[in-house]
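In what follows, a structure is listed as structure tokens, so that the remarks can point back to it.
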């Protein structure tokens, strides 16, 4: 029986990915390794976690002995665990370095020790920094501008060293902003829905005119599955979309869904120390093996808003 090991599988992206892998690999064991921080929950896997094929291990990436033990006999490892909220990274830089850099090194060491044949590392478009026009491709230079993106770039440099020094079979994924249900309301779209449902003000940095491309979580999962089937080892794949929105426009979409006047509930605050104006990815490489994004925020806003309405008390602090 195949064994697939997913770090961060109780989080927003990780749980959707775990469910998708569970559906696609019907005879595989799925091991989820997750510290379960404030942004994650075992409830995210309620649909599958009682299945005997699924095992959830509540452990930290920096518990190396545990990581090495549970990754034994793994065929595929997907490393999705990370501290990911940029605002938090300014005050909690040590936590971001510990999880995103040292945690990734531990994952690589466990993979090396257990001779794992295929490793997917989920990175971010933010390692490239901002771009006002055009889009970054996989060969573009790193230019991270905050502690979060710097920690993800550092993780990639360590991976690069392991690929060259130890021939570790890693595929790196760099994705745009991902949206869907189960995401903590510290992020833009869920935060907009959560705040509006509670009739509270939602804060936007600066003038809210920063641009982001948004990728639906199911489209992301399809891309990962395709890369598992057709992707080349030791390659990098951008997973992006051309569905670009200004931050204020995302809030307007959520306000419209809730039949509220966005002007009444938006609150502009001082911009963060450096706020990238725009991220954009060229994803021609993955398009060539048969993938493209299909879903916009407008297509799923009813579903997403309804989920937050149903789970309004799951997130008590922001």
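When we screen 141, 207, 160 for residues that are in a loop (DSSP other than H, G, I, E, B), without any contact (Cβ under 8 Å) to a residue 24 or more places away in the chain and out of contact with any helix residue (DSSP H, G or I) (no Cβ under 6 Å at 6 or more places or on another chain), the only hit is 141. Restricting the first member to the stretch 299-318 and to residues that are at pLDDT 90 or above, and the second to residues that are part of a loop (DSSP other than H, G, I, E, B) and surrounded by 12 or more Cβ atoms within 10 Å (Cβ to Cβ), the beta-carbon pairs closer than 6 Å and six or more apart or on different chains are 304/181; 307/181.
Quickly run through the stretch 129-138 and pick out the residues that are more than 17 Å from residue 170 (Cβ to Cβ) and in contact (Cβ under 8 Å) with a residue 24 or more places away in the chain. Don't jump to the end; show me each part of the working.
Taking the stretch 129-138 first, the residues more than 17 Å from residue 170 (Cβ to Cβ) are 129-137.
Across the stretch 129-138, the qualifying residues are 129, 130, 131, 132, 134, 135, 136, 137.
Would you confirm whether or not the stretch 221-233 contains a residue that is surrounded by fewer than 21 Cβ atoms within 10 Å (Cβ to Cβ), without any contact (Cβ under 8 Å) to a residue 24 or more places away in the chain and not in a helix (DSSP H, G or I)? For the stretch 221-233, residues surrounded by fewer than 21 Cβ atoms within 10 Å (Cβ to Cβ), without any contact (Cβ under 8 Å) to a residue 24 or more places away in the chain and not in a helix (DSSP H, G or I): absent.
Taking the stretch 175-187 as the range and being more than 15 Å from residue 279 (Cα to Cα) and either modelled with pLDDT of 95 or more or under 13 Å from the mean Cα position of the chain (by Cα) (or both) as the test, the residues that pass are 179, 180, 181, 182, 183, 184, 187.
You will find that of 50, 105, 55, the residue that is in a loop (DSSP other than H, G, I, E, B) and either farther than 26 Å from residue 214 by Cβ or out of contact with any strand residue (DSSP E or B) (no Cβ under 6 Å at 6 or more places or on another chain) (or both) is 50 and no other.
Of the residues making up the stretch 58-94, those that are in a helix (DSSP H, G or I) and surrounded by 18 or more Cβ atoms within 10 Å (Cβ to Cβ) are 67, 70, 86, 89.
For the stretch 221-236, give me each residue that is over 14 Å from residue 118 (Cβ atoms) and touching a helix residue (DSSP H, G or I) at 6+ places or on another chain (Cβ under 7 Å). Please lay out each step first, then the result.
Residues of the stretch 221-236 that are over 14 Å from residue 118 (Cβ atoms), as a first pass: 221-223, 236.
Of everything in the stretch 221-236, those that are over 14 Å from residue 118 (Cβ atoms) and touching a helix residue (DSSP H, G or I) at 6+ places or on another chain (Cβ under 7 Å) turn out to be 221, 223.
When the residues of the stretch 108-128 are filtered to those that are assigned to a loop (DSSP other than H, G, I, E, B) and under 16 Å from the mean Cα position of the chain (by Cα), which remaining residue is nearest to residue 168 (Cα to Cα)? Give the steps one after another, and end with the answer.
To start, the set of residues in the stretch 108-128 that are assigned to a loop (DSSP other than H, G, I, E, B) comprises 114-117, 123-124.
From what's left, under 16 Å from the mean Cα position of the chain (by Cα): 123-124.
Working: 123: 17, 124: 20 Å.
Only one residue tops the list, namely 123.
How many residues are at pLDDT 95 or above and either touching a helix residue (DSSP H, G or I) at 6+ places or on another chain (Cβ under 8 Å) or under 15 Å from residue 125 (Cα atoms) (or both) if we restrict to the stretch 210-220?
Of the stretch 210-220, the ones at pLDDT 95 or above are 213-220.
Narrowing further to those that are either touching a helix residue (DSSP H, G or I) at 6+ places or on another chain (Cβ under 8 Å) or under 15 Å from residue 125 (Cα atoms) (or both): 213-218, 220.
Qualifying residue count, the stretch 210-220: 7.
Set side by side, the residues 252, 259, 264, 242 differ, and just one is under 26 Å from residue 310 (Cβ atoms), without any contact (Cβ under 8 Å) to a residue 60 or more places away in the chain and part of a loop (DSSP other than H, G, I, E, B), which is 259. When the stretch 190-220 is filtered for residues that are farther than 28 Å from residue 134 by Cβ and surrounded by fewer than 22 Cβ atoms within 10 Å (Cβ to Cβ), the ones remaining, listed by number, are 197, 198, 199, 200, 201, 202, 203. A single entry from 187, 152 fulfils the requirement of being surrounded by fewer than 21 Cβ atoms within 10 Å (Cβ to Cβ) and either over 30 Å from residue 266 (Cα atoms) or touching a residue at least 60 places away in the same chain (Cβ under 8 Å) (or both): 187. Has the stretch 266-284 got any residue that is farther than 29 Å from residue 197 by Cα, surrounded by fewer than 20 Cβ atoms within 10 Å (Cβ to Cβ), modelled with pLDDT of 95 or more and under 21 Å from the mean Cα position of the chain (by Cα)? Yes; the residues of the stretch 266-284 include at least one that is farther than 29 Å from residue 197 by Cα, surrounded by fewer than 20 Cβ atoms within 10 Å (Cβ to Cβ), modelled with pLDDT of 95 or more and under 21 Å from the mean Cα position of the chain (by Cα).
The residue pairs whose first member lies in the stretch 86-97 and is on the phi > 0 side of the Ramachandran plot, whose second member is at pLDDT below 80 and in a helix (DSSP H, G or I), and whose beta carbons are closer than 8 Å, counting only pairs six or more residues apart or on different chains, do not exist in this structure. What number of residues within the stretch 13-44 are surrounded by 18 or more Cβ atoms within 10 Å (Cβ to Cβ), in contact with a strand residue (DSSP E or B) (Cβ under 8 Å, 6 or more places away or on another chain) and over 22 Å from residue 73 (Cβ atoms)? Summing the residues that are surrounded by 18 or more Cβ atoms within 10 Å (Cβ to Cβ), in contact with a strand residue (DSSP E or B) (Cβ under 8 Å, 6 or more places away or on another chain) and over 22 Å from residue 73 (Cβ atoms) in the stretch 13-44 gives 1.
The values are calculated or read from the model by the stated rules, or taken from the named source; none is laboratory data. Just so you know, these numbers come straight off a predicted model, no measurement behind them. Backbone-built Cβ (ideal geometry, glycine too); neighbour counts: all protein chains shown.
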